[in-house]
Amino acid sequence: MKSLLIIVALLAAAGLACLGAAGLMGSHVDANGGLREPFALIAGGSLLIVASAVVAAGYLLWQGLAACFARKRRFFR
C-alpha cells in the first residue's frame, strides 16, 4: 500500500510540475505569426494527473471490493 501511495504522489507531482512549467514558459507569437506554446507539457501534465486519480480510484475500489467479499465470507462461515 505504501508503494502505491508513493506512485500516486509521484504521478500527481510530475503532472503538477509539467503544468507549472507550461505556465512559467508561457506562450508567444513568433515573427512569422506562429503560436509557440508548450502543448506537450499541458497534455502530459493533465494525463499524469488523471493517471494518478485513476490509480488511486482503482486501488480504493479494489480495497472496497476485497473488504466486501471478506465480510461475506466471514458471515457465511
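Remark: the stretch 36-49, residue by residue, has Karplus-estimated 3J(HN,Hα) of 10, 9, x, 4, 5, 5, 5, 5, x, x, 5, 5, 5, 5 Hz, where x stands for each Gly or Pro and the curve is 6.51 cos²θ - 1.76 cosθ + 1.60 at θ = phi - 60°. Among 53-59, 29-35, 2-8, 16-22, the peptide with the highest mean count of other Cβ atoms within 10 Å heads the list, and the full ranking is 16-22, 53-59, 2-8, 29-35. When the inverse distances between all different Cα atoms of the chain are averaged and flipped, the Kirkwood radius reads 15.1 angstrom. Along the stretch 23-28 the Karplus relation, 6.51 cos²θ - 1.76 cosθ + 1.60 evaluated at θ = phi - 60°, assigns HN-Hα couplings of x, 5, 5, x, 10, 8 Hz to successive residues, with x for each Gly and Pro. A full extension of the chain between Cys68 and Ala21 corresponds to an added length of 12.7 nm, given 0.36 nm per residue minus the alpha carbon distance.
The apolar share of the surface of the chain, taken as the fraction of accessible area on carbon and sulfur atoms (1.4 Å probe, ligands and nucleic acids excluded), comes to 73 percent.
The values are calculated or read from the model by the stated rules, or taken from the named source; none is laboratory data. Keep in mind that this is a model prediction, so the values were computed, not measured. Positions of Cβ are backbone-derived with ideal geometry, glycine not excepted, and every protein chain shown enters the neighbour counts. Heads up: the accessible areas ignore ligands, DNA and RNA and are worked out on the full protein's heavy atoms, side chains in. Shrake-Rupley method; radii C 1.70, N 1.55, O 1.52, S 1.80 Å.
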